[in-house]
Structures are given as C-alpha cells and as structure tokens.
C-alpha cells in the first residue's frame, strides 16, 4: 500500500512538474505553454543552468525556436530575457530560446545532432568559419529576398563578416547572397599586468601605443624586461590555436590563404615573416611555452602580456592586480589584428522563413546588441553608436577602446573556406605551425612544403 | 502474480469474451504498422532522411512480420500467437505512450522537477519523515501500531499538501488540455488499448486459450521483468550501435543524404596517418598505463586489507578520485601540470633545491612542459589516468581479497609463511578472476580515452603537440563534429570497438583456459 502511494505521489509530482508550477496559460483556453529546460555551458567548460519558460502562443502565432551559445551563465540569462522581450514585441511570433549545450554535449555537437535529426531550431548561431559548410549543404537559407523586402542594409554591419555572409556559392566571392547576420564580433588585445610592468621598470605598452611607438621591437623589449624579473615570471603568453598565430601573420601582411581565399597562402613571404617573428619570440625563455595555457599564469600574476580576445575579459576581472588592455603591436606590415565573428542563420527547414528572418533582424538590432555588450564579452557587430556606447560602459578594463581599434587595424577576418574544407585545413595547419614555432620543424622546409601538405583541404 | 502456471488446455470451454476484440486489434495493428512501413518507404506522410529512415524501415519491417505471426498464432490459438502479440502490444504501448507524452511536452528535464519542488522542501521533508518513521515504527514497542498509523497519515497529508503546493491542480488541468490537443489523444488512446491487450495476453485465461506450457509461461514472465531494461538497451544502446554500423558504410556529413560506399571508410583507415598515429598513441598509452593502474592497486589493496586503525578512512580517500567528475579532476591536473605556475614543477624545483643544499650539488631543476612538449604530453595523460583509476581498482582488489577463505591464511600461518609469501602464494592466485576483471575494465577505459586529453590540451587542439595526445576517440570526435565526416567517424568507432572487443576476448579466453571463468 505504502509503495503504491509513493508511486502515485511520484507520478503526480512529475505531472505537476511538467504542467503545473507558475503556469499561467490555463487562464484562457487558447494558450499553451511550453516549458523549456535549458542548460548552458560556458566556453571554458563551466556549466550553468538557465531555465527559460516561454509562455503563451496566441492562436495563429508562429512558434520559433532559436539557439545561440552563451559565453557564461549571465549571458545565457540575458539571452533568455531578450527572447521573452522579442516574443512580446514581434508580431505573430512566439519564441523559445535554447542555449544549446549541456553537461554532456557542446554546442557544435548539439547543433549537428539536431540538424541530422531534423529537429534543429528555426534560427541558430554558428561560427563564421562554418558558414560555407552549412550554405553549400543547403542547411541554411539564402535570406536575400527577405532582406530586400524588409529594407535591410548590409552596410549596417562591419564589412569583414558581411563579405563572407554575402558570398555567392557559385563564385566563392562576395555577391548577392545573404546567409545570415553577425551576432557579434571580437578582436585580439593584449591584457597587461600593470603591476609587473611597474615592477620590471619597463615602458608601459599603453604609453608606447599612445605615442605611436608600439611596434614589435618595443614589444620584445617589454617582454624581455618583464621576464628579467626571474623565477616564474614571463613576459608574454598566447594559446596555441589558429587565431593568435593568424594575427601575427596578419601583422606581417600574410595570412592562411591567398587574397581570393582559393588556395593556401601559408608559404608567402609575408606569412613566413610573421611566423618567423613568432618563432623567434618562442625560442627564448621570456614567454610561456607554446602549447601551455597562458591564462592561469596570467591570472596568477606571473605573465606580463596575455594575448586573447574580448571574451576573456569577464574572467580577467577577477584578478587581484592592476591590469588594462593594449592593442597588438605593429608588425612588419603595420597594425593588424584578427576579427572573430559568428552569425545568426536560418534553418532551411523552417516553416516560416519570413518570420525567421524577422527574428534574425530583431536579434541583431542595436538595442539587443547593447544588452549583450553590457556584459562585456561581446563587441556589437552592428556599426551603431548606441551599441558601442553600451560596450564601452563595461569597465575594467579602462581601455576598452583597444578592442574597437582592432576593428580598424586591417584585421584579417576569420571566415569559411568556400573553395575547400576549413576544418581539414585547420587540422593540417595547426600541428605544423606548432612544430615550426617550437623549433621542431625547419622554417625553410615549412615554406617549401606546407601548401602541398594542406592541398587536400582544397580537394586536390 | 504469476500468469502462466498452467498446462496446455483444449478450448472446449469456448472463446473468452476478449478473443474477438483481440483478433480485431491484431488485424488493426498489422494494418497500422504496414501503413507506417509504406509511408516511410515511399516518403509520404513520414519524411525522414538517411540512416534514421533506414533504421525505422528495418524496425517497422520487423514489427510487420511480428504482427503477421501474431495474427496467425492468434487464429491458431497457439503460444507463439500469444507471445508475439504480447511483445507487439507492449512495444506499441511504450512507443505510442512516449509519442503522446513527447507531443504533450512532458519531457521537461530534471531541472523542471527541481523547480517544482523548489519552495516546498518543508512539505517534502514531512513526507520523508513520515516514511522513515513508519518504516521504523515496528521497533517502537507497545505503541508501534499507533505510531505507524500516525506516520503514514502524516506522510499522506504531506503528499497531498506538497502536490497541491507544487501546482498539481492547474497541472492536471493543463495535462488534460494538452491531452486533447491535436492528435495527442489518438496516441494516448492507442497506448492504453495496447496496454489493455498486453495485460489480457499476460492473464491466466490467455495462457489457457493459447495452450501455454508452464515453461513458456515462466519464460514470458521472466521476459516481462527484464523488458524495461531490454527496451532501454535496444533504444539507447543496441539501436544506435546498429545505426552507427550502417553509417560506417556510408559517406555522410550528418546534414545531407548518406551515400552508401561499402567498406571504403574502413579501407581508408589503413592509409590514414592520423588514425594510425592515434592507434599508436593509444597502444603506447595502454601498455604503460594499464600495468601502472593495476599492480600498484594490488599492493595498495593488500595494505588496506590490514586491520590497522584508520584503514576505512584510507579506503574512502583512495576511492575518491574514481567518483570525482572527470572534467573537474582534469582541470585541476591541468593547473598542476602547468609548466610555469603548476605545483608539480614547483615540487620538482623545491626537491632539487633541497637535494642540492643537502648534498652540495648544483643541479638545475628540470621544469618539464608536461602538456606542451610532444615527447612527454602523453605521459601527463598517463599520470592522470593512473591517479583516477588506481583507487577504483584498489577497491575491486580489496573486495576480492575479503572473499578469500580465511582458513587458507590460517593454514599458511601454521606452515610458517610470512606476509610476503602469503601475498604471492595465496592472495595473488586467488585474486585471478578479480585481476582479469580489473585488467579488462582498465583496458577498455584506457582505449576509450577522450576527456583527459581533450580538457588537458584546451584551448589548444586536443590532439596535442605533434599529435602526441591524439587518441582514436579524439580523432573520432574531430571527424564527426568538426569535419562533418560522420560516416568516417563511425568507421573509426567500429575499428576501435573491434580492437577493444578483440583484446577483451583475448583476456577472457586466456582466463577461461586457466579456469578463471569457471571458478
């Protein structure tokens, strides 16, 4: 008897959990409620949970699901709030927000699994490097006709991402298509431990930058000067993936691809110049060894300059030393940087493309981007003073402008490989660059062979 | 209740009332399943792509054949008709019920349950208290009956208040509304009818009608008991396994239609330098890590098996790493391994300084780059794996040791054997079945290595410097989720499965030869 009672109780409790609570949809007979339990995983592997309950689709409303990867729990909560706001403001649309990742699966796994199963949301975010793969497989919609009908202007967003987002599938060049709109952008900066700068007695990089003297030579002086403090102190650190070393190539005027991105450009003299500067830097003991995660020692106060994107800022705010951000030093080809971005795209299987496009537009409005930017991890992708002002309010760092300057410094825009496979190219490139930087592969050999070694990524 | 404790019986007493409705239901389910099969086959009504479609087709084909057998057996009133009809009804009940609940958005996750309980924990505590007290009331002496009743009524009252406070009444109304929405009611009614007929077929009267023997009845009862587990196994393990085998014979990116290419993925594996590198890495890893995770555990278990004070505490301490979350543990080790601020290199530095001061040497402390040096990156993963695994293996050995007959040791004591001799000549031989199990499970875990290199190397690529920490599962992940090569990744998975299966089989065959499996 007791067991049956407990069983009954468990069933009723589950019914109450699934249908009860603060449900207000039963107030009128026309509404329904979809309770969505969502778990968000931050980029750094820290998991958090944000429960979003989307209420009440009025009769005739189109229900749209959208998914984007938050950088941290706070961002997941803001996306949930934005979803509720837009659900109320957009005509004839009811929204459900999904962060897309959980304890067991990352964003990319979740998205790919959902797409395979045909259960992907109507609108979702993907990294800029995936645009070509998704577009060429007809997974996402070309939104140009809806954009033209709504009066959208491509020039409202930074040209780098829009170049990729308007690329024509047939030519592989920017053209008349529109695969989505960028959610946000980011650039690299150098997080500076001001206490170590003072202790080492080297020139402050922020002053050097202000005086127009922040070049590679000055950078090397600062790095070496800090490292001379000895012990575990190092002058500089960067992570071992394509973004950071890509920025060094860009500073030297090189890059991964040829100008039209149709072939490998790793063997160009400019690319080799950038890589050589990086290899020289890593040949000494002044830096965190290549391949080691430099963030823990930077946060421990033992690294002077730490190269990372804007997304690292919320985490850096927890350190207990004085810090700020400075732009990347000018390289052989002048100022340079890297422009990261991701985009909201529309599922090709959505039942209402027009409404989905309206959602993409709404999600990239200046006011929405301003809400996200206030959290400090994202730079607005829309060229909008309102959004930029919100971004600049997040302090520390005092010098938020360093990231915005990165947008002006001819950054190399990350992007897909329309003429080949970006994931395959990266897999092949990463290990060889690491070999060169750590000195286990000769630079001349690298220059002579790397493009033939990565040729399979271009289908040859 | 046991349903089938009867001998075969002729149906001279006539058909029971439920027999004709059952026949109608049998025909209806056969038509329904055949229609579903045709709909999936011709892509009308149920439009699915790729391996999902093929898997459903195979499942539906099996169900249609089963439905045909059930009709024939029902008409002939033989046990096969009862059994096949019972299986089909049971599966229909589960599948239709699942579809109905899913369409009602009832699968909301454990967080929703947590939220529903949130704020009502006090009432839940009363329920739990009532349950505990009623359980222990038997020991309450002369007042046990009153105490038990009071506790049970407290529990019932707590349940009522708790469910109402959690929103049960609006929840039931909402449940009813969702049930009546669209086609949900059809699935729900279908599930109930299937459940009713499954119950009828499990009854004594069905056993009589279908001439079920006692053995057949007992088999059916047994199968029913294991049915939940078998269904879970089929749905979440065997099903995906078979689908992945099919996918491994295709070129599939997970986004567009799969293209059948036969064994090409497997042929490509043999010439794929990265896959071969991953195999080499995992074999080196296994050869080093498995003995180091097993033999020290045996010695540790021998120590912990003593009756010294504090041993229970040490047993718990050594077991902790195996229950700690692998992500958290790996993140901590990542910090320890950090070449500039990690404690491991700090310890090496301090020990060297101490040694230099003691002996008067001037040795320079080595500061290995545990994670970024391709010559030792795999060693870092090995250290982490051993640390995680050794406690679990110790507990297994400890359990094995405590099951060894104590008289063997008494006899050895009489013969004058010392602790070391007893360990080698009694403990180790008697632990052979445990050792085989420990080695086999450690091998399987080692060959499936993924989380440790993935997290240790983050934010760098998980393959590590010079692909030093590239394992087959990491390579599988990269192919599936970064390069959109699901077909090829499935082939990697199956190649790894064959490797693990082969090695495990080898262990157990050798152990079987030695009589371990029969001991």
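What the table below lists for this structure:
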item: Distance between modelled label sites at residue B:176 and residue B:39, nm, 7 Å Cα→Cβ extension; result: 2.9 nm
item: Segment B:392-508, relative contact order [Cα under 8 Å, separation at least 6], %; result: 20 percent
item: Inter-site label distance for residue B:215 and residue A:395 at 7 Å from Cα along Cβ, in nm; result: 8.7 nm
item: Per residue convex hull volume, Cα atoms of segment A:133-246, in Å³; result: 166 Å³
item: Projected area averaged over orientations for segment B:124-240, convex hull of C-alpha atoms, nm²; result: 13.3 nm²
item: Equivalent ellipsoid dimensions for segment A:306-439 as semi-axes, Å, which come from the Cα gyration tensor, largest first; result: 28, 26, 14
item: Percent of Cα pairs exceeding the 23 Å cut-off, where the set is segment B:267-390; result: 53 percent
item: Burial ranking of peptide ranges B:377-388, B:298-309 (average Cβ count within 10 Å, highest at the top); result: B:377-388, B:298-309
item: In Å, descending, principal axis extents of the Cα set of segment B:367-452; result: 56, 28, 15
item: All-pairs alpha carbon distance profile, segment B:190-275, 5 Å steps from 0, percent; result: 3, 11, 11, 13, 12, 9, 8, 8, 8, 8, 5, 2, 1
item: Distant alpha-carbon pairs in chain B (separation over 31 angstrom), percent; result: 69 percent
item: Bins of 5 Å from zero: percent of alpha-carbon pairs in segment B:52-198; result: 2, 9, 10, 11, 11, 11, 11, 10, 8, 9, 5, 2, 1, 0
item: Relative contact order (%) - segment A:324-436, alpha-carbon pairs under 8 angstrom, separation at least six; result: 33 percent
item: 10 Å Cβ neighbours from other chains, averaged over peptide A:106-116; result: 3
item: Shielding score for A:300-310, defined as the mean number of other chain Cβ atoms within 10 Å; result: 1
item: Tail beyond 22 Å, pair distance distribution of segment B:408-519 (Cα, percent); result: 55 percent
item: Cα gyration tensor, segment A:63-168 - rounded (a/c under 1.5), prolate or oblate; result: oblate
item: In nm, spacing of pseudo-spin labels at residue A:285 and residue B:260 (7 Å Cα→C-beta vector); result: 6.4 nm
item: As computed over segment B:321-433, the Cα convex hull volume per residue (Å³); result: 169 Å³
item: Where only alpha carbons of segment A:274-348 are counted, the Rg and the Dmax (Å); result: 15.7, 52
item: Compactness of segment A:62-113 as Cα Rg over 2.2 N^0.38 Å, two decimals; result: 1.21
item: On Cα atoms only, tilt of A:269-282 relative to the major axis of chain A in degrees; result: 80 degrees
item: Burial order of peptide ranges B:282-295, A:367-380 (average beta-carbon count within 10 Å, highest first); result: A:367-380, B:282-295
item: Relative contact order of chain A, defined on C-alpha pairs under 8 angstrom at six or more residues apart (%); result: 19 percent
item: Convex hull (Cα only) mean projected area of segment A:222-355, reported in nm² to one decimal; result: 11.8 nm²
item: The protein assembly as shown: projected area of the alpha-carbon convex hull, averaged over directions, in nm²; result: 51.2 nm²
item: Cα shape, segment B:86-157, gyration tensor, a/c 1.5 rule; result: oblate
item: Length released on extending from residue B:192 to residue B:118, taking residue separation times 0.36 nm less the Cα-Cα span; result: 23.4 nm
item: Debye log10 I(q)/I(0) at q = 0.25, 0.28 Å⁻¹ for segment A:182-227, Cα point scatterers; result: -0.91, -1.09
item: Average partner coverage of A:3-13, which counts Cβ from other chains inside 10 Å; result: 4
item: Stokes-Einstein translational diffusion, chain A - Kirkwood Rh over all Cα pairs, 1.306 mPa s, 10 °C, in µm²/s; result: 67 µm²/s
item: Between segment A:237-262 and segment A:88-149, the Cα center-to-center distance that results, in Å; result: 28 Å
item: 13 Å reach of a label modelled at residue A:453, 7 Å along Cα-to-Cβ, counting backbone N of segment A:397-436; result: A:426-436
item: Segment A:420-460 - convex hull of alpha carbons, volume per residue in Å³; result: 48 Å³
item: Ellipticity estimate at 222 nm from DSSP helix runs (n ≥ 4, -39,500 (n - 2.57)) divided over the protein assembly as shown, nearest 500; result: -18000 deg cm²/dmol
item: Segment A:161-208 - Kirkwood radius from inverse mean 1/r over Cα pairs (Å); result: 14.4 Å
item: Ranked list, fewest to most other Cβ atoms within 10 Å of each Cβ, for B:83, B:236; result: B:236, B:83
item: With Cα atoms, 0 to 90° folded angle of helix B:432-447 axis to chain B main axis; result: 90 degrees
item: DSSP beta bridge pairing in the protein assembly as shown, given as percent antiparallel to the nearest 5; result: 70 percent
item: Gain upon complete extension [residue B:312, residue B:125; 0.36 nm per residue less C-alpha separation]; result: 64.2 nm
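No lab work stands behind these numbers, since they all come straight from the coordinates. Since this is a predicted model, take the numbers as computed values, not measurements. As a convention, Cβ positions derive from the backbone with ideal geometry for all residues, glycine included, and neighbour counts pool all protein chains shown.
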